[in-house]
Amino acid sequence: MRLTTGPLTACAVGWLLLAGGSAPAPTATRAAPAPPSGLRGFTVGSAAIEREWERQFRALPSPDSLRAYMRHLAARPHHVGSPYDRANAEWILAKFRSFGLDAHIESFDVLFPTPLERVVELVEPTRFQARLAEPPVASDPTSRQRAEQLPTYNAYSIDGDVTAPLVYVNYGVPADYERLERLGVSVKGAIVIARYFGSWRGIKPKVAAEHGAIGCLIYSDPQDDGYTQGDVYPRGPWRPRDGVQRGSVMDMPLYPGDPLTPGVGATKDAKRLPITDAQTITKIPVLPISYGDAEPLLAALGGPVAPAPWRGGLAITYHVGPGPAQVHLRVKSDWTLRPIYDVIARIPGAAAPDEWVIRGNHHDAWVNGAWDPISGQAPLLEEARAYGQLQAQGWRPRRTILYAAWDGEEPALLGSTEWVEAHADELARHAVAYLNTDSNARGYLFMAGSHSLERFINDVARDIEDPETRLSVWKRAQLHAIAAADSAADSAALRQEIRERADLRIDALGSGSDYSPFLQHVGIASLNLGYEGESGGGIYHSIYDDFTWFTTFGDTAFVYERALAQTVGTAVLRLADAEVLPYEFTGLAETVGRYVQQVKKLLRDAQDGARERNREIDEGVFRATADPRGHLVPPLRQEVPPALDFAPLDSALAGLSGAAERYERALARVAAAGGAPLAGPQLAVLNATLLESERALTSAPGLPRRPWYRHAIYAPGFYTGYGVKTLPGVREAIEQRSWLEAAAQLGVAAQALRAEAAVVTQAAEQLARLAP
């Protein structure tokens, strides 16, 4: 049974205002309505004050200000190392200071290659030279800033000059190579062409190299984000024929950040690896191309017809090759260290200055980047402006608030990772939570992060109004989830849970934005937030992601920009002001329990799948059903996976569930005591214990073959990139059929849950001693 105390309903009754650190009551233009319930972590008196401050805060963000920020920040290309990247950092610094915040720039020197030579050409059976350029649009003035734009390329591709047969590999994920093997097609010695989507782009050259390919092209198929989806830019929001997705192909599932300084901040005097020793640079040359450039290459392929799910939206018959198409690929880059500029602003805490709430979004872009990232950066600035106004009215946060505009996110989470690595010890002692945004659009609130914050962010969402429907954003997200459940296999059960569960489930975090070093390296509870779902488009990482596109097809009225500022700003305010850190652990335990059941099922499915596959091989099913005139070959036999002992993990999970329930009961007893205030030192001790709760879920040795990732519950997948793997050590060992490793990682996960249970138990005991 899942016990809850938040929003603090009965638990708020009788609490006295905790001494030391609450802000003075704001000057209200009208009396604040009585709250329908308390706030988790607040007394009754402080909750009323907090709600009034939050109400005043949410009235401050302005669509006009947000539009002005975006117009300025996206006015010119501002990639790492560009003049406008530094100019934007200095402009953001000046803005923070004009809002009354103490702010500074912290810089690092990082490896960021930029292209010198790029060639893609079809040399057999005919000749075709790829354009490798995006044409400007007459109605879009910044698309014409040709001299300042980065060319279309994939950062951290190794230099290379290769000519080889071409093979089409669909999305280029491991399952696609298994299918190619059954088709009798090898990519050894070939150049592969993969389409975007299906995985993070850096996985595609990684898997290709593992299978012997010597080069990789990545193209955007119109089925995924082009004319199959709708009208293309400038008539519509989707990717035009010559649009190209730039992006990094660094092997970030090993570690993000500067390739030459893994685990340490890339300061001027940092010890650096030789480039040849950097593990995260690709093993083969890679370039991205448009579907305009890809079509002649794909049309020249012979060999088997591609399986039906591999066929895209081009007006050709998709073949996989190899041959007769032969392609020449050349990549050469300038491998120079370049400075990056993180802008850090600080609002000191009044009562607990050594507890930090951190909020971040990146400011760099591949080109102009109005949507990615300025649609997230502009709300961050507006939140800071609003805090400055609240400070002028007498508000002081209980905890210290840090606001960060990161540089270098696009290439490799450079700014956030280097800052976290440089300050890791401080962060481990002081960080309460990290709240991230990246890009924003019209639609529904997306919530992902640490499940100890699931209750907290659900409560925040209930207090934010959707700007177009006037429902709360929580209610609109719930109704959207009910509608989306119609396509699920267990739709009835899923709809029932969405309607009846106290909170909407939040997604787990993999990678792809600046939360990764905070959560997965240091173990800081994190959230990633944004609105999405009603502003479709295909301009990601292209010259067309600019102010003209955003104000034509994005959040044209900037009302969801305001909603994002209201949402994240309220969350920061509430985390900074709560007397007791508002983590909740019963939902965490329940969610981890779901992950445990998933990995058990993964093992059972692998066992059942191997038995059935071997039986069908013995029966001759594959040979009998393969077209004799076709290319399909039978699969190889598989070893049936052994049984694994999940008992220690089950026991540790039960311990965490019990500790979480004891914490909730202790919280309820203190709340029901009706009059005993919590003294300052006692409160500080309790919060210091709670601060360790996410750290407890980390393991110092890290994950196998990638020790930078230390979280035992959440990590980016080794073969998914952005996509999360929960219980990653166990799950990926099963997926890779490494049974000894799976057994060892079950022990690691169990130990993390036991450590978490010990922290939560200690917090419960500290709470229990406070009740008379």
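The values are calculated or read from the model by the stated rules, or taken from the named source; none is laboratory data. Source: prediction; values computed, not measured. Positions of Cβ are backbone-derived with ideal geometry, glycine not excepted, and every protein chain shown enters the neighbour counts. Each accessible area value is taken on the protein alone, full model and side chains, heavy atoms only, with ligands, DNA and RNA left out. Shrake-Rupley method; radii C 1.70, N 1.55, O 1.52, S 1.80 Å.
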Q.
Any residue in region 563-579 that is open to solvent by 10 Å² or more (accessible area, probe 1.4 Å) sitting within a Cβ distance under 9 Å of a residue that is among the hydroxyl-bearing types (Ser, Thr, Tyr) and assigned to a helix (DSSP H, G or I)? List the pairs, counting only those 6 or more apart or interchain.
A. Asp577/Ser46
Q. Among the residues of region 646-663, which ones are of a type in the set (A, V, I, L, M, F, W, C), within 29 Å of the chain's Cα centre (by Cα) and either open to solvent by 20 Å² or more (accessible area, probe 1.4 Å) or modelled with pLDDT under 95 (or both)?
A. Leu653
Q. Which of the residues that make up region 567-605 are closer than 20 Å to Leu402 by Cβ, in a helix (DSSP H, G or I) and of a type outside the set (Ser, Thr, Tyr)?
A. Val568, Gly569, Ala571, Val572, Leu573, Arg574, Leu575, Ala576, Asp577
**Q.** Positions within region 276-302 being more than 24 Å from Asp242 (Cα to Cα) and not in a helix (DSSP H, G or I), in sequence order
**A.** Ala278, Gln279, Thr280, Ile281, Thr282, Lys283, Ile284, Gly302
Q: Among what's in region 383-407 and is in contact with an Asp or Glu (Cβ under 8 Å, 6 or more places away or on another chain) and more than 10 Å from Asn361 (Cα to Cα), pick the residue that is most open to solvent (accessible area, probe 1.4 Å).
A: Arg398
Q) So which residues in region 140-153 are open to solvent by less than 60 Å² (accessible area, probe 1.4 Å) and either in contact with a helix residue (DSSP H, G or I) (Cβ under 8 Å, 6 or more places away or on another chain) or among the β-branched types (Val, Ile, Thr) (or both), if there are any at all? A) Asp140, Thr142, Ser143, Thr152
Q: For region 409-461, name all the residues that are among the β-branched types (Val, Ile, Thr) and under 15 Å from Pro582 (Cβ atoms).
A: Val432, Ile457, Val460
(Q) Checking Gln326 against (1) under 30 Å from Asp364 (Cβ atoms); (2) surrounded by 18 or more Cβ atoms within 10 Å (Cβ to Cβ), only one condition comes out false. Which one? (A) (1)
Q: Return only the number of the condition from (1) in contact (Cβ under 8 Å) with a residue 12 or more places away in the chain; (2) surrounded by fewer than 20 Cβ atoms within 10 Å (Cβ to Cβ); (3) in contact with a Leu (Cβ under 9 Å, 6 or more places away or on another chain) that Ala502 does not satisfy.
A: (3)
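Output the residues belonging to region 203-243 that are closer than 22 Å to Leu180 by Cα and polar (S, T, N, Q).
Ser220, Gln223
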Q) Do we find that Gly212 is under 20 Å from the mean Cα position of the chain (by Cα), in a loop (DSSP other than H, G, I, E, B) and at positive phi in this structure? A) no
Q) Just wondering, is there one or more residues in region 696-708 that are open to solvent by less than 20 Å² (accessible area, probe 1.4 Å), under 22 Å from Gln745 (Cα atoms), among the aliphatic types (A, V, I, L, M) and touching a His at 6+ places or on another chain (Cβ under 9 Å)? A) yes
Q. How many of the residues making up region 211-240 are open to solvent by 10 Å² or more (accessible area, probe 1.4 Å) and under 18 Å from Gln149 (Cβ atoms)?
A. 3
Q) Which pairs have Cβ atoms under 8 Å, sit 6 or more apart or on different chains, and link a residue in region 690-702 that is touching a residue at least 24 places away in the same chain (Cβ under 8 Å) and under 24 Å from Ala352 (Cα atoms) to one that is open to solvent by 20 Å² or more (accessible area, probe 1.4 Å) and of a type in the set (D, E, K, R)? A) Leu691/Glu355
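Among the residues that make up region 156-166, is at least one of them buried (at least 24 other Cβ atoms within 10 Å of the Cβ), part of a loop (DSSP other than H, G, I, E, B), among the charged types (D, E, K, R) and at pLDDT 95 or above?
no
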Q | Subset of region 169-196 (residues that are surrounded by fewer than 17 Cβ atoms within 10 Å (Cβ to Cβ) and on the phi > 0 side of the Ramachandran plot) | A | Gly184, Gly189
Q | Residue satisfying condition, being within 27 Å of Phe553 (Cβ to Cβ) and modelled with pLDDT of 95 or more, within set Glu500, Glu468 | A | Glu468
Q) Can you name every residue in region 193-206 that is out of contact with any Leu (no Cβ under 7 Å at 6 or more places or on another chain) and either without any contact (Cβ under 8 Å) to a residue 40 or more places away in the chain or not hydroxyl-bearing (Ser, Thr, Tyr) (or both)? A) Ala194, Arg195, Phe197, Gly198, Trp200, Arg201, Gly202, Ile203, Lys204, Pro205, Lys206
Q) Are any of the residues in region 595-606 touching a strand residue (DSSP E or B) at 6+ places or on another chain (Cβ under 6 Å) and either modelled with pLDDT of 95 or more or open to solvent by less than 60 Å² (accessible area, probe 1.4 Å) (or both)? A) yes
Q.
For region 484-494, which positions are assigned to a helix (DSSP H, G or I), under 26 Å from the mean Cα position of the chain (by Cα) and surrounded by 11 or more Cβ atoms within 10 Å (Cβ to Cβ)?
A. Ala484, Ala485, Leu494
Q: Identify all residues within region 254-313 that are of a type in the set (D, E, K, R) and under 24 Å from Thr720 (Cα atoms); write none if there are none.
A: Asp258, Asp277, Lys283, Arg311
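Suppose the filter is in contact with a Gly (Cβ under 6 Å, 6 or more places away or on another chain), surrounded by 19 or more Cβ atoms within 10 Å (Cβ to Cβ) and of a type in the set (A, V, I, L, M); does Leu527 pass it?
Spelling it out, Leu527 is indeed in contact with a Gly (Cβ under 6 Å, 6 or more places away or on another chain), surrounded by 19 or more Cβ atoms within 10 Å (Cβ to Cβ) and of a type in the set (A, V, I, L, M).
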(Q) Against the condition open to solvent by less than 40 Å² (accessible area, probe 1.4 Å) and over 26 Å from Gly243 (Cα atoms), how does Ile344 come out, does it pass? (A) yes
Q.
I'm told Asn361 meets every condition in (1) within 24 Å of Asp159 (Cα to Cα); (2) open to solvent by less than 10 Å² (accessible area, probe 1.4 Å) except one. Can you identify the failing condition by its number?
A. (1)
Q) Quick one: is Ala700 farther than 30 Å from Pro256 by Cα, modelled with pLDDT of 95 or more, of a type in the set (Gly, Ala, Ser) and in a loop (DSSP other than H, G, I, E, B)? A) no
Q: At least 1 residues that are of a type in the set (A, V, I, L, M, F, W, C) and modelled with pLDDT of 50 or more in each: list the helices (runs of 4 or more DSSP H) lying fully within region 1-110 that qualify.
A: 44-58, 63-73, 83-98
Q) What's the number of the condition Leu527 fails, among (1) more than 19 Å from the chain's Cα centre (by Cα); (2) assigned to a strand (DSSP E or B); (3) not β-branched (Val, Ile, Thr)? A) (1)
Q) Among the listed residues Glu410, Glu454, which satisfies the condition of being surrounded by 17 or more Cβ atoms within 10 Å (Cβ to Cβ), in contact (Cβ under 8 Å) with a residue 12 or more places away in the chain, out of contact with any helix residue (DSSP H, G or I) (no Cβ under 7 Å at 6 or more places or on another chain) and not hydrophobic (A, V, I, L, M, F, W, C)? A) Glu410
